[in-house]
Amino acid sequence: MKTWQERALELADTLDIKSIIYYNLAVCYLNISNTEMAKDYALKALEISNDDGIRYILADAYTKEENYSKAIECYNYLIKKQPKNVNYVIGLT
């Protein structure tokens, strides 16, 4: 029997929709402090779409795991793209 996640991904008819599903799963797993699954889904989403929101979730997961070098790498990337985004600057501190 397939999980609801597998079924949702089967029904996704475009890569954009798959990316959105992966992103939403990453957010859900991050909210329940399952950083491994959050990272897995965020990385899958990034393979499809180089979206800043996805990278922000990834940075947050790394921060929660205290993997600060990876978190800083993500935040620096985001700040270069959007230097005035307060969330990215705060995440880096």
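Here is a check on your reading of the model: is Lys2 open to solvent by 70 Å² or more (accessible area, probe 1.4 Å), among the basic types (Lys, Arg) and assigned to a helix (DSSP H, G or I)?
Taking the combined requirement at face value, the residue does not satisfy it.
Can you name the residue in the range 41-69 that is over 23 Å from Leu9 (Cα atoms) and free of Cβ contacts under 8 Å to residues at least 12 places away in the same chain and, of all such residues, is surrounded by the most Cβ atoms within 10 Å (Cβ to Cβ)? Taking the candidates together, the pick is Asn67. Taking the range 29-92 as the region of interest, the helices (runs of 4 or more DSSP H) fully inside it that hold 2 or more residues being at pLDDT 95 or above and within 21 Å of Asp16 (Cα to Cα) are 35-48, 52-64.
Taken as a whole, the condition of being of a type in the set (D, E, K, R) and touching a Lys or Arg at 6+ places or on another chain (Cβ under 9 Å) applies to Lys44.
The values are calculated or read from the model by the stated rules, or taken from the named source; none is laboratory data. As the structure is a prediction and not an experimental result, all values here were calculated from the model. Heads up, the Cβs are rebuilt from the backbone with ideal geometry, glycines too, and the neighbour counts pull from every protein chain shown. Heavy atoms of the whole protein, side chains included, go into the accessibility calculation; ligands, DNA and RNA do not. Shrake-Rupley method; radii C 1.70, N 1.55, O 1.52, S 1.80 Å.
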